[in-house]
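Take a look at the structure below.
Every number in this text was worked out from the coordinates using simple rules, so none of it is lab data. Values in this document were obtained by computation on a predicted structure and should not be read as measured data. Here Cβ is always computed from backbone atoms with ideal geometry, including for glycine, and neighbour counts include all displayed protein chains.
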Ligand code: ACM
C-alpha cells in the first residue's frame, strides 16, 4: 500500500519509475482488436476535461495511449484485471477482457489528477501527464455494489446517471436498484398503468425519521419511464455496471396495493380500496395476498422488468414481512391449507420459490434479502440469535457495536427450499450469508451494522437527521465482507462480494444522498476491490491520508457533496429534524 499515486481503490501492485508520459494535442489513441469500445469510453471521459482530441492511431506507436486485449492475462488477472505500463514514450493498458480495460481507464483518469474529473478544460489548466509506472490490478470481489432506494424519495434520472458515474469512478460494478416500496412505485409497467398513475406518488411525507413530528406537506413522487430505465441500463453497461432491479414482494408493497386493491388481503379486516400510498416510514402491515391473481399480476410485471433489465440477477426483496394479515385472512389460510403448508412463513417461502423458479425458467437468478432463507417456523432473526458476535469489527468510540450481530451457529431457521442459483443479500448481520453459503447459495454480504449508509457517520450534534449506529469512514474501512465462519474455507467463494445500502427515508435530495454516501462509499470501494489485510491490521490512517491528499480533490472536482472530515458544513445540517437516537437504538428499518 505504499503507493505514491494516491489511487483509490488501491491496486494490487505498483512500481513507479522516473519520468512522465505527456498528454498533448499530438497524443494518439490506439485500440487493438476488441478494445474499440474501451477506447471510445477513454475518449469520452478524458477529452472533455483535457480538451485533447486523442485521434486514433492504427498501430501501437510511440506517443500513443494503447488499449490492448490479451486473453492470456485471464489466468492471472481475470476479466476485470489489467496491466498499466507507462513509460515516457507511451502508455499501454492491457487486459484479458473489456471490463479490465474499462477499469484501467478509470485508473488512468485518477493518475491525471483531480482536474481530469471536470467536464470542461479550465483556462490555463494543468499540463497533462501520467507518471511512469508499472501497475497490475484486479478486484478481490466480483460484486461491488450500491443499493439505492429510489422508492422512499425518488431520485430523478439525471441523479441516477450521476450515481453511475460515481460508481464507475470507484470501480464499483453493481447498482441494486430498489424500485418499489410502501411509499412509492418507480418503474413504468405498461400493462399496469395505475402503478405509475397512483402508486408513484404520495400526498405528503414525514420529515425526518419516525419519531419526528414534522411533515413536508408537498406531494412527493416520480417514476422512470421504460425509456428512462433502458437509458440507465445502457449508461451503466457502458461503464461495466450491472443494474439489478428490485421489486419487493410480498411485503413493502403498500403502494402497489393502493393502486390495485385486489393485490391486498381484502378479507383481513382492512378495506384495501381505502389504502393510500404510505406517507410514513417503517414497515407497513399490508402485504400482497398469496393468490393466483397476485402471482399472475407480478409475473406480468416481471415480464416487463426482464425486458428492460438484462441483469442475470433479479431481486425480489422478501424482507420485513409481518404476516398478521395472512393470519387474519380466511382466503390466505385456505391457500395455506390447500398447499399443505405449516405456517405463514412457509407461505412466503412458497411464493418466493414460485418466482425464483419463474425467473430460473427464463435464465435469471433470484436474489432476496436474507429473510428468503426462512422456510417455516417462528421468525428467526439472526440479530437476536443467542451467542451472536460481530466478527472482526472494531467498535466506533461513540457507539460500540452491540452483541446483536451474526452467528452462523445460533441462527438456524428451517431453511427454505430456494431454487438452484438463488442468491441472498445478507443484511441482518453475517449469519444469513453463512447459512446461505452452507446451503449452496451465493451471497452478497451487506450487514446493516456495517454498511447501511443511511446510518449516521459521526456522533456529533451536527449530523443531519442522525440515524442508528455511528459508522465512520474508519469503521467502513475496517469492514470485512467474508464472515469468519467461511474465511479460509472453500465456501468463502460463495461470497460474491459486498454492497453499501442507501435507504432514502431521510435523504430527500441527491445532495443528501451524496452526504450519506461519501466519503464512506470510497472506503467500501477499497474494501470490495483491494487485497486488504485483516481488519485489525488495515492502515486506516494511510487511507485517510490518501483521501486528504488525492481523493477529496477528485470528489470536489466531481461536485460530490461529501461530509468533510471536520464535520458538516452549516448548510449540510438539518437542525430540528429528528433522526433516530443511537442510544439503545434497535436495528432499524
Ligand atoms: C432491509 O433493510 N429491510 C433489507
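Taking 0.36 nm per intervening residue step and subtracting the Cα-Cα distance, what contour gain separates residue 226 from residue 439 on full extension? Before the final figure, lay out each step's value.
Working: separation 213, 0.36 × 213 = 76.68 nm, distance 3.64 nm.
Taking residue 226 through residue 439 to full extension adds about 73.0 nm, to one decimal.
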Label-reachable residues, the range 266-286, where backbone N falls under 18 Å from a point 7 Å from residue 197's Cα toward its Cβ: 273-277
Express in whole angstrom the spacing between the alpha-carbon centres of the range 427-474 and the range 229-281. 23
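Please state, to two decimals, what the Cα-based radius of gyration of the range 432-497 comes to when divided by 2.2 N^0.38 Å (N = residues).
Values: Rg = 14.6 Å, N = 66, 2.2 N^0.38 = 10.8 Å.
The reported ratio for this selection is 1.35.
With only alpha-carbon atoms in the gyration tensor, what are the semi-axes of the equivalent ellipsoid for the chain, in Å, largest first? Intermediate results must be reported in sequence, preceding the final value.
Numbers: eigenvalues 343, 125, 118 Å².
Semi-axes from the Cα gyration tensor: 41, 25, 24 Å.
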On a C-alpha basis, how far is the centre of the range 148-217 from the centre of the range 342-356 in Å? Whole number, if you could? 27
Hull surface divided by four, with the convex hull built on the Cα atoms of the range 177-264: how many nm²? 7.0
Of the beta bridges DSSP finds with both residues in the range 1-122, what % are antiparallel, to the nearest 5? 30
What's the FRET efficiency of residue 214 with residue 490 using the Cβ-Cβ distance as r and R₀ = 35 Å, to the nearest 0.05? 0.10
Taking every pair of distinct Cα atoms and averaging 1/r, then inverting, what Kirkwood hydrodynamic radius in Å comes out for the range 439-589? 16.4
Residue separation between residue 300 and residue 412 times 0.36 nm, minus their alpha-carbon distance, gives in nm 36.9 nm
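Can you give the FRET efficiency for residue 70 and residue 566, using 1/(1 + (r/R0)^6), R0 = 60 Å, r = Cβ-Cβ distance, to the nearest 0.05? List each step's numbers first, then the result.
Details: r = 46 Å, r/R0 = 0.76.
Given R0 = 60 Å and the Cβ-Cβ separation, E is 0.85.
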Distance histogram for the range 214-293 (every C-alpha pair counted, 10 angstrom bins, percent rounded to whole numbers): 15, 35, 29, 19, 3
Report, for the chain, the % of DSSP beta bridges that are antiparallel, rounded to 5. 40
Burial-style ranking of 497-507, 184-194, 553-563, 450-460, average other-beta-carbon count within 10 Å with highest first, yields 497-507, 450-460, 184-194, 553-563
Once you place label points 7 Å from the Cα toward the Cβ at residue 17 and residue 420, how far apart are they in nm? 5.0
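Students often check this: by mean Cβ neighbours within 10 Å, which of 54-64, 418-428, 308-318 ranks highest, and how do the rest follow?
Numbers: 54-64: 14.4, 418-428: 23.7, 308-318: 21.9.
So the peptides 54-64, 418-428, 308-318, ranked by packing, come out 418-428, 308-318, 54-64.
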How large is log10 I(q)/I(0) at q = 0.19, 0.20, 0.24, 0.27 Å⁻¹ when the Debye formula is applied to the Cα atoms of the range 60-99, each weighted equally and without solvent? -0.50, -0.55, -0.70, -0.81
Where only alpha carbons of the range 271-317 are counted, the Rg and the Dmax (Å): 13.9, 38
